[in-house]
1. Inside region 177-215, can you point out the residues that are over 21 Å from the mean Cα position of the chain (by Cα), farther than 18 Å from Tyr152 by Cβ and small (Gly, Ala, Ser)?
2. Looking only at region 297-308, decide whether some residue is in a helix (DSSP H, G or I) and closer than 21 Å to Ser255 by Cβ.
3. Does region 339-357 hold any residues that are more than 28 Å from Pro376 (Cα to Cα), outside any strand (DSSP E or B) and touching a residue at least 40 places away in the same chain (Cβ under 8 Å), and which are they?
4. Could you list all residues from region 301-325 that are under 26 Å from Gly195 (Cα atoms) and of a type in the set (Lys, Arg)?
5. Counting only residues that are assigned to a strand (DSSP E or B) and among the polar types (S, T, N, Q), which one in region 103-123 is nearest to the chain's Cα centre (by Cα)?
6. From the residues in region 28-74 that are among the small types (Gly, Ala, Ser) and in a loop (DSSP other than H, G, I, E, B), which one is nearest to Val172 (Cα to Cα)?
7. Go through (1) among the aliphatic types (A, V, I, L, M); (2) surrounded by fewer than 20 Cβ atoms within 10 Å (Cβ to Cβ); (3) in contact with a Ser or Thr (Cβ under 9 Å, 6 or more places away or on another chain) and name the single condition Ala222 misses.
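The values are calculated or read from the model by the stated rules, or taken from the named source; none is laboratory data. For clarity, every value in this text was computed on a predicted model and none was experimentally measured. Positions of Cβ are backbone-derived with ideal geometry, glycine not excepted, and every protein chain shown enters the neighbour counts.
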Amino acid sequence: MRFAILVSAALAILFANPVSAADDPWATYVNRQDRFAINLPGQPKIEEFTYTSEYKSPWKARRYTVEYEGYIYRMTVVDMSNSVLPANTDPSRDIGPGIEKRGAMAFAATNLRKTGQVTLDTYDQLQVIPGHKLEIILPDGRQNIVEMHTHYNFLYIQECISPKDAVPGYDVQSSMEFLDANGGVPRYDDAGFPGKVPLVSAAALAPRAPVPAGWINYVNRADLFALNLPSQPRVEEFAFKSAQGSPWMARRYISERDGHRYVLTAIDTSTTALTPDKDAFRNAARPASEKSGALSNAAWDLRKTGVVTRDIYQELQGAPGLRMEITLPDGRQSIVELYALSDRLYILVSMAPKGAPPGYNVPGSLALLDANGNVPRYQDNGRTFPSFVTMTGDGAGAAGRAPGVGPGGAAQ
């Protein structure tokens with residue numbers, strides 16, 4: 001009897017503490033070559049491969065993978081420093097090595113969205129480095145939490161794939177840090193675009209596309225845009241609610257002809273209901289990051305309106321943007337362009353009747369204006385984050401913000 005009691009007590013202690021601190025496999029993995037640090041449950045397996053960019057550049061890449069208790073932790077680091085595209089020296093030309101790098105994260109996100117059911121699709125920041133976060137339910141029921149960032153010439157894709165019905169692996173991503181060349185943890189100004197990007201030119205306004213017969217080149221100095229429309233637009237003022245709940249003032253410009261509907265929404269993102277936050281690493285609820293994420297979050301809402309058949313990054317005059325083609329539930333086609341410039345978010349929707357050609361002519365005519373009514377263009381020259389922002393602080397700091405723990409940490 002006494003022996004049985006002792007055995008029961010020993011088993012109780014064993015199962016209450018199945019792994020001692022000495023046996024805990026979690027540790028901070030620091031990689032100076034690819035400039036990142038992250039908590040992992042073991043040394044990763046490393047695979048080198050060629051990552052093909054949207055424009056077919058053969059980028060060198062490394063994949064770091066650890067599998068533990070049914071979880072897969074995978075960090076893919078892509079070196080974007082080479083390009084098959086020529087340097088963009090023509091001010092009228094939008095495609096060059098810079099747009100290839102700046103659009104790499106959007107291209108990766110588009111491919112990842114095809115892998116399962118997307119339940120979260122939102123802007124994210126780390127050390128004020130712009131990024132994107134996806135939560136995807138895979139066809140076999142597993143969940144993939146994906147976080148992407150671009151820093152210097154690197155694209156980072158961090159995935160945590162959890163077993164079916166298990167707690168997602170948020171904790172690994174909350175430990176992630178990006179490093180500078182000296183191994184420090186940099187942080188940057190959170191000012192939003194265009195920030196420190198040099199202005200190349202500010203040409204006088206001229207229609208970007210020929211104005212069709214019977215149409216007008218509509219110029220709006222209040223919301224700083226111009227585009228071709230079939231008629232003077234109807235203007236509607238409304239409050240656009242940001243992802244963090246700020247009521248942004250907005251105007252909707254609507255013009256219709258022959259069943260086609262053209263809507264340009266201009267949103268003033270200069271105000272906020274938020275207060276500044278001193279979190280140096282990850283907090284999408286700061287005023288500046290709220291503004292920086294406005295484009296991504298508006299795009300997520302638009303993706304829910306139908307079947308997305310095209311989803312790409314593009315720029316207008318050097319301003320970052322997205323282009324989507326969406327088939328609506330009633331069969332109509334919607335061509336959407338979104339751009340962020342200074343304190344405004346622009347959403348242009350060209351909607352065609354079922355069976356009719358999409359209205360490509362209107363998006364091709366859009367021009368963004370400066371306060372003087374001219375058309376500004378910002379520098380390309382292969383720039384990528386953080387080449388156009390200012391660092392705050394000296395980048396010092398030890399890697400590994402979060403302790404090494406197992407799955408189920410709080411999402412941040």
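1. Of everything in region 177-215, those that are over 21 Å from the mean Cα position of the chain (by Cα), farther than 18 Å from Tyr152 by Cβ and small (Gly, Ala, Ser) turn out to be Ser201, Ala202, Ala203, Ala204, Ala206, Ala209, Ala213, Gly214.
2. Yes, region 297-308 has at least one match.
3. Listed by number, the residues that qualify are Pro353, Ala356.
4. Arg323
5. Within region 103-123, the match that is nearest to the chain's Cα centre (by Cα) is Thr122.
6. Selected residue: Gly42.
7. The failed condition is (3).
Conditions tested, residue by residue: (1) assigned by TED's automatic domain parsing to the domain that holds Tyr51; (2) under 25 Å from Val197 (Cα atoms); (3) at pLDDT 90 or above.
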position: Tyr64; (1), (2), (3): yes, no, yes
position: Tyr68; (1), (2), (3): yes, no, yes
position: Tyr71; (1), (2), (3): yes, no, yes
position: Arg74; (1), (2), (3): yes, no, yes
position: Met80; (1), (2), (3): yes, yes, yes
position: Ser83; (1), (2), (3): yes, yes, yes
position: Thr89; (1), (2), (3): yes, yes, no
position: Asp94; (1), (2), (3): yes, yes, no
position: Ala106; (1), (2), (3): yes, yes, yes
